[in-house]
1. Whether any residue in the range 131-142 is of a type in the set (Asp, Glu) and either part of a strand (DSSP E or B) or in contact with a strand residue (DSSP E or B) (Cβ under 8 Å, 6 or more places away or on another chain) (or both) is what I want to check.
2. Please specify each residue of the range 158-182 satisfying the condition of being outside any helix (DSSP H, G or I) and among the aliphatic types (A, V, I, L, M).
3. If you take the residues of the range 661-714 that are farther than 21 Å from Gly507 by Cα and among the basic types (Lys, Arg), which of them is nearest to the chain's Cα centre (by Cα)?
4. Is it the case that the range 540-548 has a residue that's crowded, with 17+ Cβ neighbours inside 10 Å, farther than 21 Å from Ile632 by Cβ, under 40 Å from the mean Cα position of the chain (by Cα) and aliphatic (A, V, I, L, M)?
5. Counting just the residues of the range 571-588 that are free of Cβ contacts under 8 Å to residues at least 40 places away in the same chain and in a helix (DSSP H, G or I), which one comes out farthest from Ile611 (Cα to Cα)?
6. Taking the conditions exactly as written (among the acidic types (Asp, Glu), within 30 Å of Thr708 (Cα to Cα) and part of a loop (DSSP other than H, G, I, E, B)), does Asp532 satisfy them or not?
7. Select from the range 231-276 the residues that are among the aliphatic types (A, V, I, L, M), surrounded by fewer than 17 Cβ atoms within 10 Å (Cβ to Cβ) and modelled with pLDDT of 80 or more and list them in ascending order.
8. Of the residues Val161, Val215, Val183, which single one is at pLDDT below 85 and not basic (Lys, Arg)?
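The values are calculated or read from the model by the stated rules, or taken from the named source; none is laboratory data. Here the structure is a predicted model, which is why all the values come from computation and not from measurement. Every residue, glycine among them, receives a Cβ derived from its backbone with ideal geometry; neighbour counts consider all protein chains shown.
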Amino acid sequence: MAKPSDYTAFTRVLRYVWPQWPRLIALLFWSVLISLMFSATFLTVIPLLKVMMEEEGLHNWVDRKICNSRYGMDFNVPTRSDLEEELSEVTRYLHINHIKKNSWAKNAGLRNGEQIVAIASKSDGQQAETMSRLLEFLATTEQGAEAVLTLRHFDSDGRPVLRTLEVRLPSKPFYADAAQWPVSFIPRDSGKNVILPAMTVVIIGLVLMTILRCVARFNQAYLAEKITTIANAQLREDVFRHVMYMPVGFFSSRGTSDTTSRILGDVTMSGRGIKILFGKTLREPMIGIGALISAFFISWKLTLIFMGSAPLVIGVIAVLGKKMKKATKKSLISSAQMLGRIQQAIGALRVIKVYNRQQWEISEYEKTNRVLLKYHLKMSKIDAMTSPMMDALGMIAGGAVILLGAFWVMKQYDGMQASSFFTLLAGLGIAAESVRKISDVWNTVQQANAAAERVFAVIDEPCEKEAPDAFVIKPLARQIEFRNIVFTYPGAAQPALKGVDLTVPAGQTVAVVGSNGSGKTTLVNLLPRFYDPDSGQILIDGQDIHKATLASLRDQISMVTQSTVTFHDTIANNIAYSKPDATMDEIVDAAKKAYAHEFIATLPDGYQTLIGEQNSGFSGGQLQRIVIARAILKNPKILIFDEAMSQIDADSEAKIHKALSELMKGRTCFLIAHRFSTVISADRIVVIDDGRLIAQGRHDELIQSCPTYKRLYETQLIGGV
């Protein structure tokens, strides 16, 4: 099977996802909502900490943030001890801590280090003279209002110098009124009596955002599962559909267990990649990004320091993912081999027991199982290694941020406060946890990619060949002709058929005999085009079957194979398999002709009796007669019986011969059997030896003229009478 490029296979799996684009849009919406709610919940920690640590009232905090955005300046926040002193000087002014370049404050003439001690409105004369009232005025006064600022600074001798500044206030940030609304339920008065109401407002907000986030997470998780399940089902159907049109030779040379493993196990594993891609991979990065944006909002400098470990994290994930893909691919191959061994052992359980080979089979199974265990343990080691390595790298980066941030808090650098610093740490912790959660995503995607490669290796196998201009071949009327047929099985060193020439008139019954491996079964398998010859032609009424449509060719052929093939279904449906639109009367009539009706009628459920997977409850002769009834029901032009009588008892065979002698009249039949009673009834006997047609004629002629036939008669055919 062809080997695709690194991620082509997994990309092809995603093609089963894109048709569900409405669900993908909804999935993205819920993922974004989760991120927004998580970020909002996280940012709510800042006011909660401020209230609990009594650093600053909620009103002051909201007003200060609005002022920072509106005027481009930040104010120094008094310490807890300062706020506890009711008449403290520091509570009666706003100390300008920082002014941004090109901001309104800079252009208005305000300076770093100055103190705003009073603000008077020119419209109504109202004046604010405490820190809280000053913040309230600056935050809530409408755009365009005129005011007079009284500013104070200290000269070189430490003496206070006052000055006034007339200003027109700029526009408020778009979110200002919305930010003020939640805190409007809390009194602006300072003191311990407002702590409980403030905390109540914050907790209510937290609860509401958490509920909304949980609803979003449910919808996101369910949609991811639904998208994955539908894509998996469609992929599995496509693989099975393709398998049904693949050449028989593919499975003859490679068996069925590996393909079964690919359809069931590998499709499921490739689906895990889709699930994690649209589940955790979509959700967690958005949560992490939201947390990082919030952390940037608090301190972009410390956040960038934390993100310095990102290249190393990505490198570690890539290396581990590559190792995971290699181990996964080998484990899938071992798993398919184990499935084949299990199927083989269970199917041959009677043979194993009668020859007392249980321990040998157990030993062989254990060898395969240990190989699979080896790769599973390797995958487990890689998986177990990923999370601790992410934790270690995260701790190194986090430790640097903690040390530097603690120093900034002590020095009040960049306006950093304890509550903001703790919130920053929480945000970076959430971001690191999101990275840790998705650190195994790459491993899972590599596993899914390895499984997808095996799945699409089956889909990429060619189907049965049919000419682009294939014609509908007409039903056999004159003759079937094999012209100089040469055929070699895939991988075989020698041809199975070597220059076979045979002409069979329509309506003639031909018995093909030969030793085991001589090529007799191979010859008749070329007629329904299970295989195509290396050279030569097969003609029906002068028309090359290689140029005909497969459906029209096989419509006129019925076949009873060497191994009895029944399906896990009722007897009626098994017989009607060759003609799905058959009536019950037609099914019963075919069963009577095959002498199957006599035992079917005695069953409690009659024709509705279920044939189990292991054909339990039926003898080989009974099953063979059901299969023959299926062939009779089709009423074909060409009948192929490959060892059809090998499992029929003498009584059943005698009855079937009577039915077949009538059925074969006017039909072309190929019989491959070891019983003389079957061969002697043929119009002509064809002898195949070592892939060559060495003789043909009636029994009486061949027994005299063909030593090979005489030997077969004496060693095989006569024993089957």
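1. Quick first cut of the range 131-142, residues of a type in the set (Asp, Glu) only: 136, 142.
Next, from what is left, pick out any that are either part of a strand (DSSP E or B) or in contact with a strand residue (DSSP E or B) (Cβ under 8 Å, 6 or more places away or on another chain) (or both): 136.
Checked against the condition, which is being of a type in the set (Asp, Glu) and either part of a strand (DSSP E or B) or in contact with a strand residue (DSSP E or B) (Cβ under 8 Å, 6 or more places away or on another chain) (or both), the range 131-142 yields at least one hit.
2. The answer is Val161, Leu162, Leu165, Val167, Leu169.
3. Arg692
4. Checking the range 540-548: at least one residue is crowded, with 17+ Cβ neighbours inside 10 Å, farther than 21 Å from Ile632 by Cβ, under 40 Å from the mean Cα position of the chain (by Cα) and aliphatic (A, V, I, L, M).
5. Taking the candidates together, the pick is Asp585.
6. Working: among the acidic types (Asp, Glu): yes; within 30 Å of Thr708 (Cα to Cα): yes; part of a loop (DSSP other than H, G, I, E, B): yes.
Taking the combined requirement at face value, the residue satisfies it.
7. Within the range 231-276, Ala233, Met244, Met246, Val248 meet the criteria.
8. Step by step, each of Val161, Val215, Val183 is checked, and only Val183 is at pLDDT below 85 and not basic (Lys, Arg).
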